[in-house]
Amino acid sequence: MDLVIRNATLTDGSQHVDIAVKAGRIAAIGPALPVRGAQEIDAGGDLVTPPFVDAHFHMDATLSYGLPRVNASGTLLEGIALWGELKPHLTQQALIDRALQYCDWAVARGLLAIRSHVDICDDRLLAVEALLHVKKQVAPYLDVQLVAFPQDGLLRSATALANLKRAIAMGVDVVGGIPHFERTMADGAESVKILCEFAAEKGLRVDMHCDESDDPMSRHIETLAYHAQRLGMQGRVAGSHLTSMHSMDNYYVSKLLPLIRESGVAAIANPLINITLQGHHDTYPKRRGMTRVPEMLAAGIDVAFGHDCVMDPWYSLGSADMLEVAHMGLHVAQMTGQDAMRECFRAVTETPARILGLEGYGLEIGCHADFVVLDAADPIEAIRLRAARRFVIRRGKVVSRAASVRAQLDLPGRAAEVDFRLGR
């Protein structure tokens, strides 16, 4: 074998498992495999998981914090305005350089698949060209899926629809939208119809920024679910953010959730950004805006968590750490039960992989040999510690490694070091 991982713990709780890799795929998996590897790694009982997946990101804006100035109010609308100020001054090389730096961070964090929205309202399509270049360059070690995103509104921006079609023709993968940013509710609904019909005609997936608002009457997710079902697009459509659902009355939501489930539309929440940008018009009590994750999961709807932003006009923090995203989502959604915490881990691994339609994802024979060895015993401990990524493996090759976290102590009568893991 090319590689054998020994003594791994899997996310389902299986222990003392070996994983053998040949030609970039998992060839065998089980206890004490009677094979030898050209390279062998002792997981030491630590957790081995498929790689992290970010279902919602903006790579064209990442690492642009402070350009042309800092978001003083911290609001969504000022962030959009800032991005509008920056766009005329963007250069393709600067976009490429920042995106590649972020991809380096992602790999080091065990994040090996990213769905990134790319603004198509700049008629030059500089960002589209830049991210298509980045996608090709990083393909050996990171999967990038691009969404044609009309940041200024499909109908609000005169050239957005033509630009979106140009971007798809250039190789962008997914159709995006932002119906709540159109000038009227009617225009928002019309934009959803236009975009879904275009995607259905082309056989493409859809992922729309949908109802990123505190307004409980922003109900474009209803329209998105309707058209997904009407056009037979079940399993190929996602609504991102859905923060207005946080403010909707329970009666309406009781009707909405079955519609979303029947339509096969997935939901993508962005915990770090949703709780930061929503509620700015409130005094107290102050809403935090994240969508109804536990209720959607209970209704049988796929829910993933995205990072959304890292050091850009909307968010000044972040480091490509999807365990940080899961950690915040767990707290804000009050998902502290054992099963719920494990669901939050799935929201940054298995569920977004399913939403993106990633081929060969998982820890089964025949899957791509892509996985992460974490300095943790199980998914809950991984979230608690935001565990170090001891090894990140892509197609059977180690692409990143990091030391386990240890602190040296000099205390009378106490241990010489701590690793923050219970019972060790």
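The values are calculated or read from the model by the stated rules, or taken from the named source; none is laboratory data. Model, not experiment: these values are computed from the prediction. No Cβ is skipped: glycine too gets one built from the backbone with ideal geometry, and neighbour counts run over all protein chains shown. Ligands, DNA and RNA are excluded from the accessible area calculation, which covers all protein heavy atoms including side chains. Shrake-Rupley method; radii C 1.70, N 1.55, O 1.52, S 1.80 Å.
Out of the stretch 51-63, which residues are in contact with a helix residue (DSSP H, G or I) (Cβ under 8 Å, 6 or more places away or on another chain) and open to solvent by less than 30 Å² (accessible area, probe 1.4 Å)? Spell out how you get there, then give the answer.
At the first step, the residues of the stretch 51-63 found to be in contact with a helix residue (DSSP H, G or I) (Cβ under 8 Å, 6 or more places away or on another chain) are 52-55, 59-63.
Listed by number, the residues that qualify are Phe52, Val53, Asp54, Ala55, Met59, Asp60, Ala61, Thr62.
Could you grab the pairs with beta carbons closer than 7 Å, sequence gap of 6+ or different chains, first residue in the stretch 405-423 and polar (S, T, N, Q), second one in a loop (DSSP other than H, G, I, E, B)?
Gln408/Ala416
For the stretch 373-400, which positions are within 22 Å of the chain's Cα centre (by Cα) and within 16 Å of Arg6 (Cβ to Cβ)? Quick ask: steps written out before the conclusion?
If we filter the stretch 373-400 for residues that are within 22 Å of the chain's Cα centre (by Cα), which is where we start, we get 373-376, 378-395, 399-400.
Within the stretch 373-400, Val373, Leu374, Arg390, Phe391, Ile393 qualify.
Examine the stretch 64-75 for a residue that is open to solvent by less than 10 Å² (accessible area, probe 1.4 Å), assigned to a loop (DSSP other than H, G, I, E, B) and out of contact with any Gly (no Cβ under 9 Å at 6 or more places or on another chain), and state whether such a residue exists.
Our first condition is that a residue be open to solvent by less than 10 Å² (accessible area, probe 1.4 Å); within the stretch 64-75, this holds for 64.
When the remaining residues are screened for being assigned to a loop (DSSP other than H, G, I, E, B), the result is 64.
Cutting the leftovers down to out of contact with any Gly (no Cβ under 9 Å at 6 or more places or on another chain) gives us 64.
Yes - at least one qualifying residue is present in the stretch 64-75.
All but one of (1) touching a strand residue (DSSP E or B) at 6+ places or on another chain (Cβ under 6 Å); (2) part of a loop (DSSP other than H, G, I, E, B); (3) within 26 Å of Leu358 (Cβ to Cβ) hold for Ala61; which doesn't?
Only one criterion in (1) touching a strand residue (DSSP E or B) at 6+ places or on another chain (Cβ under 6 Å); (2) part of a loop (DSSP other than H, G, I, E, B); (3) within 26 Å of Leu358 (Cβ to Cβ) is unmet by Ala61, namely (1).
Taking the condition of being surrounded by 20 or more Cβ atoms within 10 Å (Cβ to Cβ) and closer than 22 Å to Ala377 by Cα, how many residues in the stretch 4-25 meet it?
Number satisfying all stated conditions: 8.
Quickly run through the stretch 231-270 and pick out the residues that are part of a loop (DSSP other than H, G, I, E, B) and either on the phi > 0 side of the Ramachandran plot or touching a Ser or Thr at 6+ places or on another chain (Cβ under 6 Å) (or both).
Gly232, Gly235, Leu242, Gly264
What number goes with the only condition from (1) farther than 21 Å from Val107 by Cβ; (2) in contact with a helix residue (DSSP H, G or I) (Cβ under 6 Å, 6 or more places away or on another chain) that Arg414 does not pass?
Of everything listed in (1) farther than 21 Å from Val107 by Cβ; (2) in contact with a helix residue (DSSP H, G or I) (Cβ under 6 Å, 6 or more places away or on another chain), Arg414 misses just condition (2).
Restricting attention to the stretch 26-50, report how many residues are charged (D, E, K, R) and surrounded by 17 or more Cβ atoms within 10 Å (Cβ to Cβ). Can you show your working first?
Going residue by residue through the stretch 26-50, those that are charged (D, E, K, R) are 36, 40, 42, 46.
Filter once more, so that each one left must be surrounded by 17 or more Cβ atoms within 10 Å (Cβ to Cβ): 46.
Within the stretch 26-50, residues that are charged (D, E, K, R) and surrounded by 17 or more Cβ atoms within 10 Å (Cβ to Cβ) number 1.
Answer yes if at least one residue in the stretch 202-213 is under 26 Å from Gln145 (Cβ atoms), free of Cβ contacts under 8 Å to residues at least 40 places away in the same chain, open to solvent by 50 Å² or more (accessible area, probe 1.4 Å) and assigned to a loop (DSSP other than H, G, I, E, B), and no otherwise.
Taking every residue of the stretch 202-213 in turn, at least one turns out to be under 26 Å from Gln145 (Cβ atoms), free of Cβ contacts under 8 Å to residues at least 40 places away in the same chain, open to solvent by 50 Å² or more (accessible area, probe 1.4 Å) and assigned to a loop (DSSP other than H, G, I, E, B).
For the stretch 86-98, does any single residue satisfy the condition of being out of contact with any strand residue (DSSP E or B) (no Cβ under 8 Å at 6 or more places or on another chain), open to solvent by less than 50 Å² (accessible area, probe 1.4 Å), among the charged types (D, E, K, R) and not in a loop (DSSP other than H, G, I, E, B)? Show your work before the answer.
Start the filter on the stretch 86-98 by keeping residues that are out of contact with any strand residue (DSSP E or B) (no Cβ under 8 Å at 6 or more places or on another chain), which leaves 86, 88-98.
Now narrow it down to the ones that are open to solvent by less than 50 Å² (accessible area, probe 1.4 Å): 86, 90, 94-96, 98.
With among the charged types (D, E, K, R) added as a condition, the list becomes 98.
Filter once more, so that each one left must be not in a loop (DSSP other than H, G, I, E, B): 98.
Within the stretch 86-98, one or more residues are out of contact with any strand residue (DSSP E or B) (no Cβ under 8 Å at 6 or more places or on another chain), open to solvent by less than 50 Å² (accessible area, probe 1.4 Å), among the charged types (D, E, K, R) and not in a loop (DSSP other than H, G, I, E, B).
In the stretch 100-118, is there at least one residue being closer than 30 Å to Arg389 by Cα, touching a Ser or Thr at 6+ places or on another chain (Cβ under 9 Å), open to solvent by 20 Å² or more (accessible area, probe 1.4 Å) and basic (Lys, Arg)?
Within the stretch 100-118 (the criterion being closer than 30 Å to Arg389 by Cα, touching a Ser or Thr at 6+ places or on another chain (Cβ under 9 Å), open to solvent by 20 Å² or more (accessible area, probe 1.4 Å) and basic (Lys, Arg)), the answer is yes, since at least one residue qualifies.
Just for the stretch 277-300: of the residues that are farther than 16 Å from Met328 by Cβ and of a type in the set (A, V, I, L, M), which one is most open to solvent (accessible area, probe 1.4 Å)?
It comes out as Ala298.
If Ala81 satisfies all but one of (1) out of contact with any helix residue (DSSP H, G or I) (no Cβ under 9 Å at 6 or more places or on another chain); (2) among the aliphatic types (A, V, I, L, M); (3) within 13 Å of Ala127 (Cβ to Cβ), what's the number of the condition it fails?
For Ala81, the exception is condition (3).
For the stretch 144-201, what are the residues that are under 15 Å from Cys121 (Cβ atoms), in a loop (DSSP other than H, G, I, E, B) and open to solvent by less than 40 Å² (accessible area, probe 1.4 Å)?
Pro150, Gln151, Gly153, Leu154, Ser157, Val172, Ile178, Glu182, listed by residue number.
Among the residues of the stretch 232-241, are any farther than 29 Å from Met335 by Cα, free of Cβ contacts under 8 Å to residues at least 40 places away in the same chain and surrounded by fewer than 24 Cβ atoms within 10 Å (Cβ to Cβ)?
Yes, the stretch 232-241 contains at least one residue that is farther than 29 Å from Met335 by Cα, free of Cβ contacts under 8 Å to residues at least 40 places away in the same chain and surrounded by fewer than 24 Cβ atoms within 10 Å (Cβ to Cβ).
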